[in-house]
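The values are calculated or read from the model by the stated rules, or taken from the named source; none is laboratory data. Treat the numbers as computed from the prediction; the structure is a model and nothing was measured. Neighbour counts run over all protein chains shown; Cβ positions are idealised from the backbone, glycine included.
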C-alpha cells in the first residue's frame, strides 16, 4: 500500500470525492512531468535509510496547490489516496537500473520529438514549462518501446518558492489508472 497526497481546491476535491478522478489522455494535450495521470506526493521511506525530503508529502501537496496552482489558502484541500499496487507493478525511476533503461530509450526518441513537438501539442501550462520527460514517456509508451505501468514514482524538484535547485524536494507519483486508488479521504488543512 502506498499513501499519496494530492493538493487541489475544495471545489475540485468535492467533485473527486463524488465522482472519482478523471485522467485526460488527449493526444494533443501536453503531458505533465511523468506523463498523463493523477499526480500526488509520497513520503520518503526513512525506514529503509532513505533521506528525508525538504518537506512531507502532505506539505508538498499543499504547497503545490497554493504556489503552483495559485489556489488561495482558504480554498486548498488535501486528498489522501491509498494506492494498492504490487511492488513489481510500478516503475520507480529513483532506482538506477530503471532510470538508466529509460534514459537509453529517451535518447533514442528525443531528436524526433523535438522536431514534432511544436506541431503535435497545443500550448498549455505544461508546455510553457518545456519539461520533456512526460512527453518522452508517453512517446515510448505509444511507440511500444516501453509499456508504462499503472504507477510511476520519481524524486523531483518543484519550484515552490521561485528558487531553483538541483536537489529534489519531493517524491512525485503519477497514477495512470485510477482503479489502483482504493480510498480517497479529505484531510483537514
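Applying the criterion of being loosely packed, with under 15 Cβ neighbours inside 10 Å and touching a residue at least 40 places away in the same chain (Cβ under 8 Å) to the residues of segment 74-93, the residue that is nearest to residue 33 (Cα to Cα) is 89.
Taking the criterion of being surrounded by 13 or more Cβ atoms within 10 Å (Cβ to Cβ) and not in a strand (DSSP E or B), the residues of segment 1-12 that qualify are 10, 12. Suppose the filter is assigned to a loop (DSSP other than H, G, I, E, B), out of contact with any helix residue (DSSP H, G or I) (no Cβ under 6 Å at 6 or more places or on another chain) and surrounded by 13 or more Cβ atoms within 10 Å (Cβ to Cβ); does residue 44 pass it? Against the criterion (assigned to a loop (DSSP other than H, G, I, E, B), out of contact with any helix residue (DSSP H, G or I) (no Cβ under 6 Å at 6 or more places or on another chain) and surrounded by 13 or more Cβ atoms within 10 Å (Cβ to Cβ)), residue 44 qualifies. Please enumerate the residues belonging to segment 20-41 that are modelled with pLDDT under 90 and not in a loop (DSSP other than H, G, I, E, B). Selection gives nothing. Residue 185 falls short on exactly one of the conditions (1) modelled with pLDDT of 85 or more; (2) more than 24 Å from residue 97 (Cα to Cα); (3) in contact with a helix residue (DSSP H, G or I) (Cβ under 9 Å, 6 or more places away or on another chain); (4) surrounded by 13 or more Cβ atoms within 10 Å (Cβ to Cβ), and that condition is (4). Annotation: residue 54 fulfils all but one of (1) touching a strand residue (DSSP E or B) at 6+ places or on another chain (Cβ under 9 Å); (2) closer than 18 Å to residue 179 by Cα; (3) at pLDDT below 85; the unmet one is (2).
Per-residue answers, yes or no, for (1) touching a helix residue (DSSP H, G or I) at 6+ places or on another chain (Cβ under 9 Å); (2) buried (at least 17 other Cβ atoms within 10 Å of the Cβ); (3) under 22 Å from residue 83 (Cα atoms):
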site	(1), (2), (3)
143	yes, no, no
148	yes, yes, yes
153	no, yes, yes
161	yes, no, no
164	no, no, no
169	yes, yes, yes
174	yes, yes, yes
180	yes, yes, yes
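Residues that are out of contact with any helix residue (DSSP H, G or I) (no Cβ under 6 Å at 6 or more places or on another chain) and crowded, with 18+ Cβ neighbours inside 10 Å were ranked within segment 13-36; the one that is nearest to residue 67 (Cα to Cα) is 13.
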